[in-house]
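Throughout, read-outs are computed from the coordinates displayed, never taken from laboratory work. Model, not experiment: these values are computed from the prediction. Glycine also receives a Cβ, built like all others from the backbone with ideal geometry; neighbour counts cover every protein chain displayed.
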Amino acid sequence: MRCLTETFRIRTERGPQFIDITDEVARVVEKSAVRNGFVVVFSRHTTAAVRINENCPHLLQDMEDMLRRIAPPEGEYRHNVYAHAFSNNGERPNGHSHCQHLLLGASEAVPVVDGELLLGRYQRIFFVELDHGRDREVVVQLMGE
């Protein structure tokens with residue numbers, strides 16, 4: 001059994017924002033020489049998610065709009081009052097992005113068969129920024145033979 005872990009950085013522009021990272025993940029799979037197993041794609045952040053969906057511009061906009069409706073940035077969040085009001089760390093109030101993350105999650109697992117990601121015809125892997133633009137990290141871990 002082989003195991004490979006690789007971390008790559010991504011620069012986001014805004015939240016919410018869906019960024020297709022499928023090709024980057026596929027490159028890690030190819031480099032690994034794992035033929036059969038699985039890959040886990042993980043966000044190291046509580047205000048950014050990893051999800052699988054279709055890369056259709058109108059659908060991506062619909063999903064961004066849905067996230068804004070469910071947990072709007074201008075809403076009232078205790079996190080904004082208690083976590084940020086008394087700290088000096090320069091963080092923006094971001095209770096909305098933590099709430100959105102709760103619905104999406106931090107990772108996806110994808111089977112690897114014959115050295116390829118076993119995604120459906122329209123499936124793509126997205127890094128989802130929920131807060132504001134900045135540098136982020138994605139962890140890709142493969143296990144298999």
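Be a star and scan region 1-38 for residues whose amide nitrogen sits under 20 Å from the point 7 Å along the Cα-to-Cβ vector of Glu54. Inside the label zone: 17-23. Between Cys3, His101, Ala71, whose Cα lies farthest towards the positive end of the dipole of the chain when Lys and Arg beta carbons carry +1 and Asp and Glu beta carbons carry -1, centred on the Cα centre? Value: Cys3. The distance separating the Cα centre of region 35-66 from that of region 76-145 comes to 8 Å.
Here the dipole of region 62-145 is about 260 debye; that uses its Cα centre as origin and unit charges on the Cβ of Lys and Arg (positive) and Asp and Glu (negative).
3J(HN,Hα) along region 130-145, derived from phi through the Karplus expression 6.51 cos²θ - 1.76 cosθ + 1.60 where θ = phi - 60°, amounts to 10, 10, 9, x, 4, 7, 10, 10, 10, 9, 10, 10, 10, 9, x, 10 Hz, with x in place of Gly and Pro. Among the listed values (1) 0.95; (2) 0.93; (3) 1.03, the one matching Rg/Rh (Cα atoms, Kirkwood Rh) as calculated from this structure is (3). Here the label points at Met1 and Asp62, each 7 Å from Cα along the C-beta direction, are separated by 4.0 nm in the simple model. Going by neighbour counts of Cβ atoms within 10 Å, the residues Phe126, Phe18 line up, fewest first, as Phe18, Phe126. With 0.36 nm allotted per residue and the present C-alpha distance subtracted, the Glu116-Val139 stretch has 6.5 nm of extension available.
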